[in-house]
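The values are calculated or read from the model by the stated rules, or taken from the named source; none is laboratory data. The structure displayed is predicted, hence computed values, not measured ones. We place every Cβ from the backbone using ideal geometry, glycine too, and count neighbours over all the protein chains shown. We work out accessible area using only protein heavy atoms, side chains counted, and drop any ligands, DNA or RNA first. Shrake-Rupley method; radii C 1.70, N 1.55, O 1.52, S 1.80 Å.
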Amino acid sequence: MDYGVANQGPDRLNVDSIAILDEAKNLGIKIVDTAPAYGTAEKTIGQYHAKNAEFMVHTKTSSGTDLSYKHALQSIEESMQKLKVSRIEVLYFHSPELLLSGRTSQSAQIIKSIRESGMVNKIGASVYLEKEIEIMSNDWPEIEVYQVPENILDQRLLNSEIITRLSNSGILFYVRSIFLQGLLLMKQEKVSSYFPEAVDYLRNYKNYLLANNLSSLEATLSYLNLLTWASGFLIGVDSAAQLREVLKNRENLLTEDTLPTPLPHPWVDPRNW
């Protein structure tokens, strides 16, 4: 799909998705994260599952399924057919608005129907802000998993009291955007043309890396070790070799007092780009 600052456009069509899934399995990865809105991703995973052992799958409801429980259940059934799985490990809502608008009888019926369907192990919410977690955790104790954005130039959730408290109570947190859509790994000249507002901040980040003798990959992945409340992390790759490269860089090279200056809050959210 044509999505993300680091997207290579038509070249994505040449990605060997089955080879990536093979390598993920070989490396001990047990979960894949997808969604109906991600082009042919669910179908591709299903093609892999047709000949290989299943991954645990995290996916989302399709757009518009917050209209009724019948739409939601239909979305789950369609995803399971494409994915060729007997159960969805975590189902995230396509949009957090359903859960942020209060506990209405309609939304309660949707969640109740999903839980009783037997098709989903855990119900989750994909959020953008800490405040959204606070609202949802109060209104919806049924939510057992949250997907949140966080990275070395964000740092807003590093010492979140509410996330730490919920994590200690058994709620799971998976972290996305660890490379900020690939921005943190891109060459400076490419960033300049796409996102000129961030150039000065990213130049400071580059100087930080040089001063600490770190690559950006080492720094971004080391930062994850500081997120003690996290259950796991989402990574996107274009090849099996890239996946191997990411997973071998998992040393703990940072402490909280050696972190770089984060980006201003408007710029850590790709929705503002």
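For the range 99-142, the calculated P(r), taken from all Cα-Cα distances in 5 Å bins from zero up to the bin holding the longest distance, is 5, 21, 30, 24, 15, 5, 0 percent. Extent along the principal axes, Cα only, for the range 78-195: 51, 37, 25 Å, with the longest axis given first. What residues qualify as long-range amide H neighbours of residue 122, i.e. H under 5 Å apart, gap of 5 or more or another chain, H built at 1.01 Å from N? Close amide H contacts, sequence-distant or interchain: 90, 91.
Can you give the convex hull volume per residue for the Cα atoms of the range 23-129, as a whole number of Å³? Working shown, then result.
Numbers: hull volume 11.0 nm³, N = 107.
Each residue corresponds to 102 Å³ of Cα convex hull volume.
Residues considered: 149, 196, 96. Largest GNM mean-square fluctuation over the chain, using C-alpha springs under 10 Å, is found at 196. Shown are 25, 248, 51, whose ranking by accessible area with a 1.4 Å probe and every protein chain present, most to least, is 51, 248, 25. Helix 105-117 and the long axis of the chain differ in direction by around 90°, with both axes built from C-alpha atoms. Phi angles of the range 17-32 translate, via the Karplus equation with coefficients 6.51, -1.76, 1.60 and θ = phi - 60°, into HN-Hα couplings of 5, 5, 5, 5, 5, 4, 5, 4, 4, 4, 8, x, 6, 10, 10, 10 Hz per residue; Gly and Pro are given as x.
Here are some pairs, 82/112; 60/84; 25/70; 60/112; which of them have Cα atoms lying more than 27 Å apart in this structure? Display every interim value, and only then the final one.
Details: 82/112 24 Å; 60/84 15 Å; 25/70 34 Å; 60/112 16 Å.
In this structure, 25/70 exceed 27 Å between Cα atoms.
How much of the accessible area of the range 44-110, probe 1.4 Å, is carbon plus sulfur, in whole percent? The partial results should precede the final answer.
Numbers: 1580 of 3270 Å².
The value for the range 44-110 is 48 percent carbon and sulfur by accessible area.
Near the amide H of residue 233, within less than 5 Å, lie the amide hydrogens of 175, all on another chain or at least 5 residues away, with H placed in the peptide plane. For the chain, modelled as a GNM whose springs connect Cα atoms under 10 angstrom apart, the maximal fluctuation among 187, 43, 30 occurs at 187. Over the range 78-125, the reciprocal of the mean inverse Cα-Cα separation, the Kirkwood hydrodynamic radius, stands at 11.6 Å.
Report the FRET efficiency, 1/(1 + (r/R0)^6), for residue 128 and residue 50, where r is their Cβ-Cβ distance and R0 is 41 Å, rounded to 0.05.
Values: r = 35 Å, r/R0 = 0.85.
Computed FRET efficiency for residue 128 and residue 50: 0.70.
When volume of the Cα convex hull per residue in Å³ is computed from the coordinates, the matching label among [x] 156; [y] 124; [z] 132 is [z]. A viscosity of 0.890 mPa s and a temperature of 25 °C, combined with the Kirkwood radius over C-alpha pairs in the Stokes-Einstein formula, give the range 127-231 a diffusion coefficient of 162 µm²/s. Only lysine pairs 8 or more places apart or on separate chains count here, and in the range 117-273 those with Cα atoms under 27 Å apart total 6.
Using a Förster radius of 22 Å, what is the FRET efficiency between residue 87 and residue 25 based on their Cβ-Cβ separation? Nearest 0.05, please. Can you show the working numbers first?
Working: r = 18 Å, r/R0 = 0.84.
Efficiency computed from Cβ-Cβ geometry: 0.75.
Averaging Cα coordinates gives a centre for the range 232-263 and one for the range 107-161; these two points are 24 Å apart. In this rough spin-label picture, where each label sits 7 Å from Cα along the Cβ direction, the residue 169-residue 245 distance is 4.2 nm.
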